[in-house]
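Asker: I am attaching a structure below and will ask some questions about it afterwards.
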Amino acid sequence: MDIYGIGSRVRKSKVYETLVHQAPNTLTLRDKKKHAQRRRIMSQGFSDAAIRSFEPRVLELVQRLCGILQGDLNSNDGKWSKGQDMAKWFDYLTFDIMSALVFSASYDTIRQEKFRPIINAIEESNVRVSVILQAPILTLFRLDKRLFSRSILWRNRFIKFIRRTVSERVKKSSLLKERDVFSYLKSAKDTVTAKTLRIDELGGEAATLIVAGSDTTATTLAATLFYISREPSVYERVTREVRSCFASAEEIHAGTQLNSCQYLRACIDEALRLSPPAGSALWREVEEGGSMIDGCHIPAGYDVAVGVYSIHHNPTIYPDPFCFQPDRWLEDGPPGVREAFMPFSLGTRSCIGKGLALVEILLTLSNIIWRFDLEPAEGMEYCQEYTLQDHVTGAKKGPFLKFRPVHRAQGKEDHIWNGVDNGRSMMAAGYV
């Protein structure tokens, strides 16, 4: 809290200036007053009312993905699908969701290949950014251009895509029947200064929303399925909870009923702890006069940070830190786990889209768990932890999973035998 808490005597490090294109955005603004102004504007696009209005579009795309996973399977023959790379499918899903919610755009990467290279452009451009955030000296004499020429080419491609998308979105403003994030931000005024966003500022914020909003959510979805698919007792418990909560897939909506799936939420939080989508150090610069950090005086101008992955694996806070234990997040779990939990950062710089991301994650996972049995595909090597590469957000592969529709011929409680059968097959395959 000395670094990231409200009232801390630090501000965003200069290294974030390396990310600025055209105009600073919420992620890169270093001045606290300017950041507060921008956040007041941005928050209007992520209010509870706005998120509720977005839900039908999220559910439509989640159901589209479920249709892909269903494929040609017959819900009554008990057959499993072939192995699916869920990192890939969740990348497509979350990119389609954010494109729809931010720009009212329909790129349909779930079903079509045309715009999938843009997702690759995001990942490739992040390679360079992830390095210079930790070693900004590489920008001297534009050395990064030589080292990361491929990454810069992909970055330029993504920038062109965003500029074209913003331009197309502005042109169709009067034709849209439903509001999107862009419409909220375009009309929003700072409640204190009455300022609005310029078009280049809108473009900068939109680019950040597409990248951060899609990649981090996809990683969380993939990590959660990775862990629950490899823990039979966890899998049985979370499937029992979700399938007993809803009588049909049509009942699955954001709200009290979905929020009652506390064990599912605990699984999500534990996956975020073990494999945070942005797990590296979030650098802050100590302000004039210095600051006391964990009892030590740090002079002005120094950069300080805590690695998110490191704090999430601190054994004094999280006993057995490399073990997947969702129970630690329930009411009767150990004290103090929330204070060090920072997958969305903390304080005034915490993720402004956290509420929307959690709705996406809960709707997606509850639909998949309600509709399908799942288990690791044959031949997949067992790993204790879902491994990510630090490319600002986490670059990933897998998990590779098989699916089969849940058989409910004898009523909604029929799912119980499927959970037991799944656990036994996982044990036979050597995953436990």
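Asker: List the residues, sorted by chain then number, that are 5 or more residues from Ala281 or on another chain and whose placed amide H is less than 5 Å from its amide H.
Answerer: For Ala281, the qualifying residues are Val308.
Asker: Tell me the accessible surface of Lys114 in square angstrom (1.4 angstrom probe, heavy atoms of protein chains only), to the nearest ten.
Answerer: Its heavy atoms expose roughly 150 Å² to the probe.
Asker: In whole Å, what is the distance between the alpha-carbon centres of the range 222-238 and the range 133-189?
Answerer: 36 Å
Asker: Working from Cα positions, state the angle (0 to 90°, nearest 10) between the long axis of helix 262-274 and the longest principal axis of the chain.
Answerer: The answer is roughly 50 degrees.
Asker: Decide, for the range 1-95, between rounded, prolate and oblate: order the square roots of the alpha carbon gyration tensor eigenvalues as a ≥ b ≥ c, take rounded if a/c falls under 1.5, and otherwise choose prolate if a/b is larger than b/c, else oblate.
Answerer: Details: a/c = 3.16, a/b = 2.36, b/c = 1.34.
It is prolate, given that a/c is not under 1.5 and a/b is the larger ratio.
Asker: Tally up the carbon and sulfur contribution to the accessible surface of the chain as a whole percent, 1.4 Å probe, everything protein left in place.
Answerer: Working: 10650 of 19830 Å².
Carbon and sulfur together cover 54 percent of it.
Asker: Angle check, please: helix 354-371 long axis (alpha carbons) against the longest principal axis of the chain (alpha carbons), in degrees 0 to 90, nearest 10.
Answerer: 10 degrees
Asker: Using r as the Cβ-Cβ distance of Arg164 and Asp332, and R0 as 51 Å, what FRET efficiency do you calculate, to the nearest 0.05? The partial results should precede the final answer.
Answerer: Working: r = 52 Å, r/R0 = 1.02.
Working from the Cβ atoms, E equals 0.45.
Asker: As a test of reading the structure, rank Tyr302, Tyr92 by solvent-accessible area (1.4 Å probe, protein chains only), most first.
Answerer: Working: Tyr302 130, Tyr92 30 Å².
Descending order: Tyr302, Tyr92.
Asker: Length gain on complete extension for the stretch His253 to Tyr302, per 0.36 nm per residue less the alpha carbon to alpha carbon distance?
Answerer: Working: separation 49, 0.36 × 49 = 17.64 nm, distance 4.67 nm.
Going from the current span to full extension adds 13.0 nm.
Asker: Quick one: what does P(r) look like for the chain with 10 Å bins over all Cα pairs, in whole %?
Answerer: Once binned at 10 Å, the Cα pair distances of the chain give 4, 20, 31, 27, 14, 4, 0, 0.
Asker: OK, next. At q = 0.29 Å⁻¹, work out log10 I(q)/I(0) for the range 99-152 with the Debye formula, treating every Cα as an identical point scatterer and leaving solvent out; two decimals please.
Answerer: Results for the range 99-152 at q = 0.29 Å⁻¹ read -1.08.
Asker: Now, a different point. Using a simple charge model, +1 on the beta-carbon of Lys and Arg, -1 on the beta-carbon of Asp and Glu, nothing else, what dipole does the range 78-170 show about its Cα centre, in debye to the nearest 20? Working shown, then result.
Answerer: Values: 17 positive and 9 negative charges, 69 e Å.
Magnitude of the dipole: close to 340 debye.
Asker: Then there is this: Cα atoms only: what Rg and Dmax, in Å, come out for the range 116-223?
Answerer: Over the range 116-223's Cα set, Rg and Dmax evaluate to 16.7, 49 Å.
Asker: Now for a separate question. Please give me the summed charge of the neighbours of Arg284: other residues whose Cβ is under 15 Å from its Cβ, Lys and Arg +1, Asp and Glu -1. Numbers along the way, then the final one.
Answerer: Working: positive: Arg9, Arg11, Lys12, Lys14, Arg30, Lys32, Arg349; negative: Asp2, Glu17, Asp31, Glu285, Glu287, Glu288, Asp294, Asp303.
Result for the local shell: -1.
Asker: To continue, here is another question. Compute the projected area of the convex hull of the Cα atoms of the range 231-272, averaged over all viewing directions, and report it in nm² to one decimal place. Walk me through the numbers before you get to the answer.
Answerer: Details: hull surface 12.4 nm².
Orientation-averaged projected area of the Cα hull: 3.1 nm².
Asker: When the Cα atoms of the range 21-160 are enclosed in a convex hull and the volume is divided per residue, what value in Å³ results? Write down the numbers at each step before the final one.
Answerer: Working: hull volume 23.3 nm³, N = 140.
So the per-residue hull volume is 167 Å³.
Asker: Now for a different question. If we sort 7-18, 258-269, 97-108 on the protection proxy, mean other Cβ atoms within 10 Å, highest first, what's the order?
Answerer: Working: 7-18: 17.4, 258-269: 19.7, 97-108: 21.7.
So the order, starting with the most tightly packed, is 97-108, 258-269, 7-18.
Asker: Given 25 °C and 0.890 mPa s, how large is the Stokes-Einstein diffusion coefficient of the range 233-364 in µm²/s, with Rh as the Kirkwood radius over Cα pairs? Intermediate values should be presented prior to the final figure.
Answerer: Details: Rh = 17.0 Å.
My calculation gives 145 µm²/s for D.
Asker: Using +1 at the Cβ of each Lys and Arg and -1 at the Cβ of each Asp and Glu in the chain, identify which of Phe54, Ala377, Ala249 lies farthest towards the dipole's positive end.
Answerer: Phe54
Asker: Before anything else, pin down the relative contact order of the chain: Cα pairs under 8 Å, at least 6 apart, normalised by residue count, whole percent.
Answerer: 27 percent
Asker: Between the alpha-carbon centers of the range 11-82 and the range 265-330, tell me the distance in whole angstrom.
Answerer: Rounded to whole Å, the Cα centres lie 23 Å apart.
Asker: Using only Cα atoms, tell me the angle between helix 149-171 and the longest principal axis of the chain; keep it within 0 to 90° and round to the nearest 10.
Answerer: Roughly 90 degrees, rounded to the nearest 10.
Asker: Kindly rank 50-62, 203-215, 120-132 from highest to lowest mean number of other beta carbons found within 10 Å of each residue.
Answerer: In descending order of packing, they fall as 203-215, 120-132, 50-62.
Asker: Can you list the HN-Hα couplings for the range 15-25, worked out from phi with the Karplus curve (6.51, -1.76, 1.60; θ = phi - 60°), rounded to whole Hz and with x for Gly and Pro?
Answerer: My calculation for the range 15-25 gives 4, 6, 5, 5, 8, 6, 10, 6, 8, x, 10 Hz in order.
Asker: Please state, to two decimals, what the Cα-based radius of gyration of the range 341-398 comes to when divided by 2.2 N^0.38 Å (N = residues).
Answerer: Numbers: Rg = 15.3 Å, N = 58, 2.2 N^0.38 = 10.3 Å.
So the range 341-398 has a normalised radius of gyration of 1.48.
Asker: Got a sec? Charge dipole of the range 150-266, +1 on Cβ for Lys and Arg, -1 for Asp and Glu; which of Pro232, Leu197, Thr217 is way out at the positive end?
Answerer: Of the options given, the answer is Leu197.
The values are calculated or read from the model by the stated rules, or taken from the named source; none is laboratory data. Because the structure is a prediction, the values reported are computed rather than measured. Note: ideal-geometry Cβ built from the backbone for every residue, glycine included; neighbour counts use all protein chains shown. These accessible areas exclude ligands, DNA and RNA; they are computed on the full protein's heavy atoms, side chains included. Shrake-Rupley method; radii C 1.70, N 1.55, O 1.52, S 1.80 Å.
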